[in-house]
Every structure is written in structure tokens, then in C-alpha cells.
Amino acid sequence: MRKLRTQVGIVGAGPAGLVLGEMLARAGIEAVIVERHDRAYIEERIRAGVIEHWAAALLDELGLGARLRREGLAHHGIELRFAGRGHRIDFPSLTGGKEVVVYGQHEVVKDVVAARLAAGRPLLFEVSETRVEGIETDHPVIRFVHEGEETELSCDFIAGCDGFHGICRPAIPAGVLTAYDRIYPFGWLGILAEAPPSSEELIYAWSERGFALASMRSPTITRLYVQCPPDDDVAQWSDDRIWDELHRRLAAPGFSLTEGPVLQKSITAMRSFVVEPMRHGRLLLAGDAAHIVPPTGAKGMNLALADVLVLSRALEAFYRDGRSDPLDAYSDTCLRRIWKAQRFSWWMTSLLHLFEDDSPFDRRRQLAELDYVTSSAAAATALAENYVGLPID
Ligand code: RFL
Ligand code: PHB
């Protein structure tokens, strides 16, 4: 058996684990990251696309923002489209100059992996049989098989950054965690298409046929979503059917949707989920391992980054100043902001989607709320300040 030792063992090389690794390195704290998949898989997995104002600044600060600033698209607003008309929410004027950056999550992953490997910091791909032990002691251990060899990684702390389906959250003994959950009665069918975006900004559309979203990845690639049944089969969605649905849901005078070859197609279920607390002993959960939001508010990756910012500061206080109080406060500090992002994601989802048991009253109420949000400076400000990202502290 191979034996390794580090200060912080990180399970999972998603945005949470990778960015945590970089922040710890900057603070002079050693970490080893173990990842179940291979490098190509994590670098090609299409997921989130919107980076909050502060999160882009954090990546700059870590020296990871060069390509994001060069190739990412700075967005100063979004459009809410309903009843056949578009209404713009302007971020800078409502938030004191803030914006978001449209840049694929997998591009962030590529940038951080490249920086980590170039610096020679440990990142082990294709580990299997990962388990965590001794989390209630001062010497927790991550065990896994890497390149055919059983490996034991001794740590001071374990960061569970292994996503919603990982092994860290289930390693916490029964009775410790309380889970808060909501499953929505729909999913999103998402496509990536080789076509220039039809609009300069994202369009969130309410329609009689259900929600649609027009997003993008670059000046030549669009990312589009339509609300669909939660258990729908992607095989039921021919390209023609998808384009037809997108045309109908996004219709507005003077708008034309650009089509192009469909490069990728998938269905995502929608849920809200939080566990409390996010720490047990020396295991600290971060990102999707501890919480999931429906994608309507574009918050998932940003929440993962916020968690690891709080966590890295707490670990820095522990190693540099011998203080444990920031680690003790980790869960509460994160959860206060997480619940606000949960509320916002639930609200955007409830505002824009067609729920199967909606009555005509509910649909009228949604339209009234959309009208209010796009005509009241107070309501538009509430949307804008949540969308660009609430303060971290
Ligand atoms: P991740 O990205 O799931 O990474 C977890 C990593 O852990 C690995 N892993 C293991 N490694 C070793 N041993 C094990 N036993 C392991 N089990 C798992 C996994 O292979 C993986 O590499 O979690 P992290 O880092 O917490 O990041 C969270 C984000 O990925 C997620 O919240 C976002 O993608 C959500 N999301 C969005 N977030 C945004 O901020 N803005 C958006 O615009 C946005 N749009 C989206 C989204 C998610 C979507 N899908 C597909 C769920 C749009 C969609 C369609
Ligand atoms: C995306 O571009 O994938 C995207 C954008 C905004 C969202 C969700 C996903 O709210």
C-alpha cells in the first residue's frame, strides 16, 4: 500500500475542489486533489456558464483570469421576455457598476487544471473506491485506488468537494445532517449549437408553452434550454422539435432565432437541496456536495466558489494564527448566503416556469410579477443584485 500525507485532502476536481486547491497553495497550505474521472472528462463536461462579478475578480486575483477576460463575454444585463415582449434589466446602473461574465464552467476547470499541473501541485485523476475515514479524529484519511495501487492519504482536514453524487456527504453518520429538499415537476433540455447567439444578452422567456432560455458560450456557439417533463427521454427530442419549441417560446416581434448544427443535447432534473451543517469533525463539505440549486438563477458554480473562499480563509486562520473559530463558523457563514441564493433560485424558477397544476390565476400572477419586476426600480434592483452575486462577507 502507498502512503501519502498532506495538510488538506480534497475529494473532487470540480470548480470547488480545484479553486480551493489554488487558494490554499497561495496561502502556503499543501493539498492533494483526488478525482474520479480523467482530465478530458472534467474539461469537456458542459455545465454552468455565468460567473458572478466577485467570482471573476477572485479568479483574476488568483492569476487564473487571463483567458476568462480575453474570451469570456462581459454581460451588463439580461432580458426577461414575456407576453411577446422583451424587457431589459440593466446590471451596472442597478448594482453600482457590477456585471457578470459568460464563460463556460469547463473553461474555468481547464484554466485551473493547467495552472495546477504547471506548478507541479498534486492532482490525481481516475481514482476509484474513494472513501473517507476517521473524520471524527484529528487524523482523517482518504483511501483510494490510483494506478492500480491501494493508497492511503493522511490529512489534517478533508474537503468534500465531490458534488451531489459524491461519497463525502454519505460518510457523515446518520442523524448528524438535516436535509432540506424540493424537487420541481420539470427539467431542462439543453443544447449546444454551432450558431452565433441571436441576442447579445441572455433571454429568460416565460411562455404559454413553458420556459426557455437563450444563452451562449462564444460569438459562434449558442447554449439554449427549454423546460421539459422531468423524466423526459432526450431521444424524444429531434433537432427539429427542439428548434420548433425554441422558436415558439422565444417569439417576439423583430426577433429571429439563429439555428445551427446541434453539438450536444442533454436533460437536467431540477431541484433545490441543502444539508446542514456543512461540517462534521474534520470533514468540510463545499459546493454541490452540500447544496443544489435549480439553474434558473445561474448560482450553482458561484455558490461552490463562495464556499471554498470561506473555507480557505478559515484554514488559513487555523494554520497561520492557530485559530479554530473561523472553521467552527464555516457552516453558518456559508449557509446564510446559500439560503439567500436558494431563495433567489427558487423565485426565478417559480416566476418563469409552467407548473402543471397552475391555474389561470397563477399564470396571471406570474405575468403581473414579471411586469412589476421590469417596471419597478426597487424590484429590478432586487433581481440585479442577486444575479450579479450578493456580498460574500
Ligand atoms: P462538481 O462540478 O460536480 O464537481 C465534483 C467533482 O467530484 C468528482 N467526484 C469524485 N472524485 C473522487 N472520488 C469520488 N468518489 C468522487 N465523486 C465525485 C466528480 O467527478 C467531479 O469532478 O461540483 P462543484 O465543484 O461543487 O461545482 C458545482 C457546479 O458544478 C454546479 O453547481 C454548476 O454546474 C451548476 N450550474 C450552474 N451554476 C452556475 O453558477 N451558473 C450557471 O449558469 C449554471 N448553469 C448548472 C448550470 C448546472 C447544470 N447542470 C448540468 C447540472 C446549467 C446546468 C445545465
Ligand atoms: C448557461 O449558459 O448554461 C446558463 C445561463 C444562465 C442560467 C443557466 C445556465 O441561468
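A few remarks follow.
- The residues listed here are 133, 150, 126; of these, the one that is loosely packed, with under 14 Cβ neighbours inside 10 Å, within 15 Å of ligand 1 (Cβ to nearest atom) and over 30 Å from residue 261 (Cα atoms) is 150.
- Within the set 183, 158, 167, 203, the sole residue that is farther than 22 Å from residue 34 by Cβ, crowded, with 17+ Cβ neighbours inside 10 Å and not hydroxyl-bearing (Ser, Thr, Tyr) turns out to be 203.
- Looking only at residues of segment 36-64 that are free of Cβ contacts under 8 Å to residues at least 12 places away in the same chain and more than 22 Å from residue 122 (Cβ to Cβ), we find that the one that is surrounded by the most Cβ atoms within 10 Å (Cβ to Cβ) is 57.
- Segment 192-213 residues that are on the phi > 0 side of the Ramachandran plot, paired with ones that are among the aliphatic types (A, V, I, L, M) (beta carbon under 6 Å, 6 or more apart): 210/354
- Filter result (farther than 30 Å from residue 277 by Cα and within 22 Å of the chain's Cα centre (by Cα)) within segment 171-196: 189, 190, 191, 192, 193
- Strands (runs of 3 or more DSSP E) contained in segment 151-220 and holding at least 2 residues within 16 Å of ligand 2 (Cβ to nearest atom) and among the small types (Gly, Ala, Ser): 178-193, 212-218
- Strands (runs of 3 or more DSSP E) wholly inside segment 1-98 that include at least 3 residues being in contact with a Gly (Cβ under 7 Å, 6 or more places away or on another chain): 31-34, 85-90
- Checking 101, 112 one by one, the residue that is crowded, with 19+ Cβ neighbours inside 10 Å, within 23 Å of residue 388 (Cα to Cα), more than 16 Å from ligand 2 (Cβ to nearest atom) and under 18 Å from the mean Cα position of the chain (by Cα) is 112 and no other.
- The one condition from (1) more than 19 Å from residue 184 (Cβ to Cβ); (2) out of contact with any Lys or Arg (no Cβ under 8 Å at 6 or more places or on another chain); (3) not in a helix (DSSP H, G or I) that residue 225 does not meet is (1).
- Residues in segment 196-220 that are over 26 Å from residue 364 (Cβ atoms), of a type outside the set (Ser, Thr, Tyr) and in contact with a Pro (Cβ under 8 Å, 6 or more places away or on another chain): 196, 197, 216, 219.
Values in this text are rule-based calculations from the coordinates and carry no lab data. Being a predicted model, the structure only gives us computed values, none of them experimental. Positions of Cβ are generated from backbone atoms using ideal geometry, with glycine treated the same way; all protein chains shown enter the neighbour counts.
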